[in-house]
Amino acid sequence: MEPRISIITLGVQDLDRSVDFYRDGLGLPLQEGYEGQIAFFELIGTWLALYPRESLSADANQSPSGDGFQGFTMAHNVGSREDVDQLISKASSAGAQVVKEPQDTEWGGYSGYFKDPDGFLWEIAWNPYFKIE
């Protein structure tokens, strides 16, 4: 296996609501041709896909039920503490639930967490030891 992740696919309850959140709320670039079946956002180095939760669970032969902490988070690193504050605020304005206000971390950085409309956790972090290009 090559050391990369090509696509992260989130199983969402309401595809249009999630597209609105990621495209309009957070400003991610939606791939042209979105027709309400699956949405792709081209990111730097990977893609983010949104797919109806029922369809995704069926594709993976898994039950669509599940709640609470799913055992993973997604992280978006930014260039400064101020960028963390701005992006957490932007996500909140777009409908995200802030679950951890931005604050200093034990490892010397600064981060906060929000949940998207389907409860997926995103960490927004500034890490002075991690170069962002």
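Using Cα positions and a limit of under 21 Å, work out the lysines in reach of residue 115, with same-chain residues fewer than 8 apart set aside. Candidates past the 8-residue exclusion: 90, 100.
Distance between the modelled labels on residue 42 and residue 76, one decimal in nanometres: 1.8 nm (7 Å Cα→Cβ projection). Using only side-chain charges placed at the Cβ, +1 for Lys and Arg and -1 for Asp and Glu, the dipole size of region 74-126 relative to its Cα centre rounds to 100 debye. Both the radius of gyration and Dmax for region 27-133 are 15.6, 44 Å, in that order, over alpha-carbon atoms. Relative to the longest principal axis of the Cα atoms of the chain, helix 81-93 runs at roughly 40 degrees. The order of 120, 114, going from fewest to most other C-beta atoms within 10 Å of their C-beta, is 120, 114.
Read-outs throughout are calculated quantities, based only on the coordinates presented, and are distinct from any laboratory measurement. What you see is a predicted model, and the numbers here were worked out from it, not measured in a lab. Cβ: placed from backbone, ideal geometry, glycine included. Neighbour counts: every protein chain shown.
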